[in-house]
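Take a look at the structure below.
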Amino acid sequence: MGHNVAQKLIAAHLLAGDMTAGREIALRIDQALTQDATGTLVMLELEALGLDRARTEVSVQYVDHNLLQTDSRNAEDHAFLRSACHRFGLWYSKPGNGVSHPTHMQRFGIPGKTLAGSDSHTPAAGSLGMLAIGLGGIEVAMAIAGEPVYLRMPHIWGVRLTGELPAWVSAKDVILEMLRRHGVKGGVDRIIEYHGPGLAHLTAMDRHVIANMGAELGATTTVFPADDQVREFLRAERREHDFVELLADPDATYDVTDEIDLSSLEPLIALPSSPGNVVTVREAAGRPVDQVVIGSSANPGLRDFAVVAAIVSGRQAHPRVSLDVNPSSRQILQDLTKMGATFALISAGARLHQSGCMGCIGMGQAPANGHNSLRTVPRNFPGRSGTREDSVFLCSPESAAAAALTGQITDPRDLPHLLGIDYPRLELPAESSVNTAMLEPPPAPAEQVELVKGANISSLPGFPPLPDRVEAPVALKVGDDVSTDEILPAGAHVLPYRSNIPKLAEFTFAQIDENYAGRAHACRDSGHIVVGGANYGQGSSREHAVIAPRYLGLRVVLAVSFARIHWQNLANFGVLALEFGDAGDYHRVEQGDILVLEGLRDAMASGGTEITVRNTTRDQLYSTRHRLSERQRAMVLAGGVIPWIRGGSAAGG
């Protein structure tokens with residue numbers, strides 16, 4: 001029986017385990033990337049690990065999230081990151097060079113390679129035929145240090161594409177259709193692999209859009225074959241020598257199957273406040289719009305900006321609309337300018353911002369309360385924009401441009417008769433404006449490089465081992481689909497403290513309950529418990545969403561189910577993640593209840609998965625289970641991966 005692309009990638013990098021769904025496997029990692037919102041901790045973790053030099057083929061530190069330098073803190077962090085790249089042997093992408101995912105794809109992505117990234121949208125590189133996985137920072141630090149990446153072997157979900165996208169419909173509508181069908185949990189424990197004749201009509205950057213937002217389905221990653229479209233992309237980037245064909249075998253099979261006829265799709269939009277809340281643009285049409293934001297890792301290609309420029313060319317944005325444009329890379333901004341598209345955008349009233357994530361992560365461009373914002377970004381979780389009571393919609397560049405001109409949600413297919421605008425037929429340059437000026441290669445190995453640590457850089461806090469008995473209050477109870485944006489927000493007010501854990505912890509769960517941090521700190525020594533619903537911890541890979549509550553004394557999270565990366569992060573920092581044996585028991589626990597867990601160390605060491613939780617407040621017992629591997633159990637017992645490694649228990653260490 002033949003292999004699909006995902007199986008070929010895994011088999012070529014498999015160090016331990018077998019490709020049986022649900023079993024833990026270990027993978028060799030070729031490349032790694034970090035971004036500044038998570039990278040400061042990664043660099044501190046590399047220091048704690050005592051790393052000499054990076055042991056991957058290539059590792060890159062991007063500065064793309066926290067670009068607003070409103071005081072000295074961000075500048076100090078950038079100086080620290082650059083010094084750490086010199087110390088540990090990473091490439092350094094300067095502020096303003098571009099968003100990590102499209103920039104890595106342009107400059108470093110190679111078919112057939114593995115990539116570990118401390119950002120949940122790392123799977124975007126699957127557009128080139130890579131196995132790219134988003135992870136917590138400590139796991140990326142381990143990969144940079146030459147250790148394997150561990151995960152449970154996913155099911156392979158084959159999605160066959162046929163047909164060709166019609167006018168006014170683009171790649172964003174493909175992934176929104178997947179979210180409309182399957183929701184934010186549809187991809188859990190799966191790798192999505194796209195195949196079929198429809199691929200011939202999707203460029204590598206179109207595929208990037210789809211692979212990027214596979215994270216919103218909860219998928220482990222997304223892969224595409226490395227075919228002629230990938231060869232053409234690499235040729236345009238003057239890297240055709242890096243092309244390696246990687247195709248599924250003709251008789252390849254998949255664990256789960258689906259099919260999309262691209263020609264049948266229409267413009268779609270995700271309503272506030274979930275990427276899974278998808279309807280047709282026609283259904284949402286007529287709602288007033290006050291802001292349109294173009295650009296992010298979810299729509300990063302030259303085409304995604306050029307099509308907006310062509311639609312608004314010679315016209316003005318609606319008087320009520322703020323049209324914000326965030327170029328995804330310096331290189332793409334150069335190409336836009338050469339095409340005259342930058343002039344068309346500025347003439348239409350667009351506000352041109354830095355090349356970076358910006359509004360996607362709440363770093364500026366926060367919308368007004370009670371006003372609708374249409375964005376070509378991947379996420380619209382509550383408050384992610386920087387406005388607590390925001391109203392953010394996710395859509396394609398075509399739908400965003402239509403709203404920018406009309407001042408309301410408008411099906412872009414209506415533009416011909418509304419404004420006399422025909423669908424643009426773009427002529428993009430055959431070769432990119434390759435720009436490496438802001439990419440600094442690692443210097444040759446030298447004697448110890450001193451890390452530049454400003455006043456805002458603190459060391460990683462140490463955490464004690466798991467006790468045998470936990471008796472602690474439920475400091476917070478939350479519902480389903482709570483995101484890491486809600487556990488530990490980003491944005492201009494919080495991100496500057498990303499390397500200062502004691503200060504960062506003050507913002508924990510602030511969007512849900514601003515009194516949580518104070519309650520948790522009051523019982524920090526004895527510890528506390530958080531109770532969650534289904535898909536707890538979805539979204540961003542930021543391990544801060546574990547470290548900050550752990551600093552405040554979090555010992556156990558008891559939930560109906562967990563999102564993959566956050567579940568791994570909890571184990572990495574010694575927090576016990578338990579699932580209700582009976583999901584109905586979730587409704588029997590209330591905030592403030594005292595829960596008791598006994599015999600934990602013996603239960604974990606013996607390999608058992610069942611743990612009984614006693615609610616002394618209500619005189620109830622709950623059957624719970626964990627899904628930790630032997631390796632993860634040892635980490636939790638030690639208090640986290642770093643003390644586990646220091647104890648000499650890591651593989652190879």
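Among beta bridges from DSSP that stay inside the range 470-646, the antiparallel ones total about 50%.
Quick check: net charge around ASN97, other residues with Cβ under 14 Å of its Cβ, Lys/Arg +1 and Asp/Glu -1? Don't jump to the answer; show the numbers that get you there.
Working: positive: ARG82, LYS94, ARG107, ARG330; negative: ASP36, ASP64, GLU440.
Around ASN97, the surrounding residues sum to +1.
3J(HN,Hα) couplings calculated from phi for the range 114-125 with the Karplus curve 6.51 cos²θ - 1.76 cosθ + 1.60 (θ = phi - 60°) are, in sequence order, 9, 9, 10, x, 7, 8, 5, 8, 3, x, 3, 5 Hz; Gly and Pro show x. Among ARG320, ARG303, ARG498, ARG160, the order by Cβ neighbours within 10 angstrom, fewest to most, reads ARG320, ARG160, ARG303, ARG498.
Each of the peptides 35-47, 451-463, 484-496 was scored by the mean count of other Cβ atoms within 10 Å over its residues; in descending order, highest first, they stand as 35-47, 484-496, 451-463.
Of all beta bridges that DSSP places with both ends in the chain, some 35 percent have antiparallel geometry.
Of the peptides 219-231, 330-342, 536-548, how do they stack up when ordered by the mean number of other Cβ atoms within 10 Å, highest first? Write down the numbers at each step before the final one.
Values: 219-231: 23.8, 330-342: 19.8, 536-548: 28.7.
The densest-packed peptide leads the list: 536-548, 219-231, 330-342.
Between THR616 and LYS503, full extension at 0.36 nm per residue minus the direct alpha carbon distance yields a gain of 37.4 nm.
Find out how many positive minus negative residues lie around GLN61, taking Lys and Arg as positive, Asp and Glu as negative, among other residues whose Cβ is under 9 Å from that of GLN61.
My count for the surroundings of GLN61 gives 0.
Cross-link reach is defined here as a Cα-Cα straight distance under 26 Å, omitting same-chain residues fewer than 8 places apart; for LYS113 the lysines meeting it are LYS8, LYS94, LYS172. In the chain, helical runs assigned H by DSSP with n ≥ 4 each contribute -39500 (n - 2.57); averaged across all residues and rounded to the nearest 500, the mean residue ellipticity at 222 nm is -8000 deg cm²/dmol.
Under 13 Å from the Cβ of GLU240, count the other residues' Cβ atoms, weight Lys and Arg +1, Asp and Glu -1, and hand me the total. Don't skip to the end; give the middle numbers.
On the way: positive: ARG231, ARG235, ARG238, ARG239; negative: ASP228, GLU232, GLU237, ASP242, GLU245, GLU431.
Its environment carries a net charge of -2.
Each reported figure results from applying straightforward, stated rules to the coordinates on display, with no laboratory input. Quick caveat: nothing in here was measured; it's all calculated off a predicted structure. Backbone-built Cβ (ideal geometry, glycine too); neighbour counts: all protein chains shown.
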